[in-house]
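Structure first, commentary second.
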Amino acid sequence: MKLLFFFLITITCWLPSTARTPIKAVSTINKNSKLTIEDISKKSDSVNKDLEKHEEVLSEKMSDASKTIDYLNSLVNSFSQIFTILGIFIGIITLASPIIIYQFGIKPSQRILKELELNFDTRLSTYLKTAREKEIDAAIENIKTGNTEKKNQAMAYLSLTHHEGLTDQQLFRIYNILKNNISQTNIKSQLAFVLTTNKNEYAESLFDSEESRKDPTIKFMGYLYFAKTGYTNYRSSLAGVINSSENPSSELNTFVSTLSQYSHTDLVDLFNDKVLTDLIKPSPSFFENDLSSILTSINISEQLYKDSYLYQKLYNKKS
C-alpha cells in the first residue's frame, strides 16, 4: 500500500500543469454547484413561505366558507321551521275553514233568509204602504196647488186608491181642500166621495154641518157615508139632514135607496128603527106614489113594509 500511494504522488507531480486543469474545473464546478444549491434552497424556502401564506389565506377562506355554510344551514333550517309552522297553520285553517264559513257565513245567512222569508210579506206591505202614502201626498198637493190637468189626474188617482185607506193627516188635508173649494163641483164631489170611504171625524164634521144640509152634492155624499159606516151611529145627524129639507119624505126615500145598495140588513132594521123613526118627520106620502116599484127596487116585500114600525107610524099619522 505504501508503494501504491507513493506511486500515485509521483505520477501526479510528474504530470504537466495542463493535465491538472480538469481537477481545477471540477473544483470550480463544485463551487458553482454549491452556489446553485444554496440558491435553490433559498428559493425553496421562499416558495415554502409563499405556500404557507397561501395555506393561511386558504385556511382563512375555508374558515369563512365554513362559517357561511353554517349560517346558510341555520338560515335554511329557520326557513324550514317557518315553512313547517306555516304548513301546520295552513292545514289548521284548511280544516277549520268549512266550520268557520258555516258558522259565520252560511248559518247567519240562513237565519237572515229565514227571517226575511217570515217577514217578507210584512216588509213588502210596509214598503208598498210607504210608497203609496208618498204618492197620495203628492196627489193631494197637486189637487191643492197644481194646474187643471194635474188636479184631474190626482183626483182620478185618489178615486181609484182611496178604498185602501188614508192616514189621518191625509184626510185632514182633503177636508181642508173641500172646505176651501166648496164651490167647485168637480173637486167637491170627488173629494167628498173619498172622505166617505172609512169612518173618520172629518167626514162627520162635514156631513153634519149646515153646509151639507144646503148643498145637494155634500148632502148625497153624507147619505153615502152614513150608509157605508152604519147609519145607527148617526141617527141624530141623519134625522137633522132629513128634517132640514123642505120635503123630508123625499130625503128619506133617497136615503133608503142609498142604504139598499150597501146593506139589506140595515135597510130592514131602518123600517123598524123606533129611535130614527121618531126623530124624522116624513109625510104620509112616503112611498105612496109608486109603492110597489120602490119596494121591488130595494128588495123589500110589501108585507114586511106594512108590518114595520115606520109604516105603523105613518098610518097612525094619516089616520
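Read-outs throughout are calculated quantities, based only on the coordinates presented, and are distinct from any laboratory measurement. Bear in mind the structure is a predicted one, so any value in this text is a computation, not a measurement. For neighbour counting, all protein chains shown are included, and Cβ atoms are generated from backbone atoms with ideal geometry for every residue, glycine included.
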Query - Distance (nanometres) between label positions extended 7 Å along Cα→Cβ at residue 83 and residue 279 - result: 9.9
**Report entry** Where N is the number of residues in the stretch 58-161, Cα Rg divided by 2.2 N^0.38 Å
**Finding:** 2.84
Query - Burial order of peptide ranges 128-134, 212-218, 94-100 (average beta-carbon count within 10 Å, highest first) - result: 212-218, 128-134, 94-100
Query - Per-residue Cβ neighbour rank within 10 angstrom, fewest leading, 235, 123, 173 - result: 123, 235, 173
Report summary line: Computed from the beta carbon distance with a Förster radius of 45 Å, FRET efficiency for residue 130 and residue 243 to the nearest 0.05 stands at 0.50
Report task. Give 179/313; 42/67; 114/134; 219/274; 179/281; 129/219 a once-over and call out the pairs whose C-alpha atoms are over 27 Å from each other. Result -> 179/313; 42/67; 114/134; 179/281; 129/219
Report summary line: One finds, for residue 293 and residue 233 with R0 = 35 angstrom and r their Cβ-Cβ distance, a FRET efficiency to the nearest 0.05 of 0.70
Query raised in the report: Between residue 261 and residue 167, 0.36 nm times their residue separation minus their Cα-Cα distance comes to what?
Result: 31.2 nm
